[in-house]
Protein chains: 2
Amino acid sequence: MNETLQQPKTKRQRAILSLIAARPVHSQDELAGMLEQQGYEVTQATVSRDIKELGLLKVPLKGGSGGAFKYVEPSVGPAFTSRLHRVVAEVMIQARSSMNQIVLRTHPGTAMMLAAAIDGANWPEILGTIGGDDTVLVIVEAPGKTTMIKQRFEDMRGEQ
Amino acid sequence: MNETLQQPKTKRQRAILSLIAARPVHSQDELAGMLEQQGYEVTQATVSRDIKELGLLKVPLKGGSGGAFKYVEPSVGPAFTSRLHRVVAEVMIQARSSMNQIVLRTHPGTAMMLAAAIDGANWPEILGTIGGDDTVLVIVEAPGKTTMIKQRFEDMRGEQ
DNA sequence: ACACGAAATGTATAATTATGCAACAGCTCC
DNA sequence: GGAGCTGTTGCATAATTATACATTTCGTGT
């Protein structure tokens, strides 16, 4: 029991990560209860602080099983967005356009991945893409739509 | 004003995405007030529902400016995890090992990206990597550590 | 026109989360 | 030893978010 009373914070936070990975945890009270079962003496207030420190996210469940939300690690958050969105956010450096062409610059060795993601998105305004090492050429169906398409890519990259 | 009364949900949700991208929004009440300024008649209850539908995330601010949290789109999550973690989650399909070698299978055209991310992580147990089109060969410093390293990759990929 | 069902929304409030404040523990310095 | 500082935690509750229920709106069929 002295071991329980002297439990360091780091160990408790690691236990939290294990718990939320093992099964859905719907509320901080629930999580506090689970920690109690593992021998940690802890309240909802401390769990709230842990969750904030760990950067855990409360995400909506898609099926409505039990509670309507669960806690996840930050890395699980992106799974809720489209593949193209994730890839753009990860590899795209710059987007420039002229007439009906958009040139996307990427980190070295990642252009093919972005080109594939763009193809997979099946945007009707895009005729096709050519990917090299760090550059993707996107052909837009008409010059009038180029700026809008470029803006979409920039929106997906988000603020830096 | 009739236009305000007949505002469709989709348009309001798009406005929400623009608002949270433009500056930090700390609470649903704050967001409801901002929407009111744009002519949407809406309450916190509806905003809560919108946020759930859009899958927006409430993330902790790192600086403590104003409120301690803000709302973001799921794609903004990547900033919270390491590059290797994100790349593994995005491209790695399988990890297998033998003696001091780990073979990682990836989506086509993405192996170089993963190899670069592994190199960038500078794990002391890894001597080096060789990346091809859809396969990365990882050389571990000793066979005794191969399983543990492989497990790390699998942990980062997470449940599928 | 009316009836019906589904979707959307507000009101009120239950449920959940965050935090101010005080207390305690641990560490360093004199 | 004591003083001072920092970090951690619980208590109590303020703040925030989610939701039950009722109402309204919209779309479809007769």
Look through B:18, B:27, B:48 and report the one residue that is of a type in the set (Ser, Thr, Tyr) and more than 12 Å from DNA strand C (Cβ to nearest atom).
B:18
For residue A:84, the lone unmet condition from (1) farther than 30 Å from residue A:9 by Cα; (2) at pLDDT 85 or above is (2)
Scanning the range A:113-152 residue by residue, the ones that are under 19 Å from residue B:109 (Cβ atoms) and surrounded by 19 or more Cβ atoms within 10 Å (Cβ to Cβ) total 10
Within the range A:16-60, track down each residue that is facing chain B (nearest Cβ under 10 Å), free of Cβ contacts under 8 Å to residues at least 24 places away in the same chain and within 12 Å of DNA strand D (Cβ to nearest atom).
A:52, A:57, A:58, A:59, A:60
When the residues of the range A:21-51 are filtered to those that are in a helix (DSSP H, G or I) and modelled with pLDDT under 90, which remaining residue is nearest to residue B:60 (Cα to Cα)?
A:21
Among the residues of the range B:101-123, which ones are in contact with a strand residue (DSSP E or B) (Cβ under 7 Å, 6 or more places away or on another chain), of a type in the set (A, V, I, L, M) and more than 8 Å from every other protein chain (Cβ to nearest Cβ)?
B:102, B:103, B:104, B:111, B:114, B:115, B:118
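The values are calculated or read from the model by the stated rules, or taken from the named source; none is laboratory data. What you see is a predicted model, and the numbers here were worked out from it, not measured in a lab. Quick reminder, even Gly has a Cβ in these numbers, built from the backbone with ideal geometry, and neighbours come from all protein chains shown.
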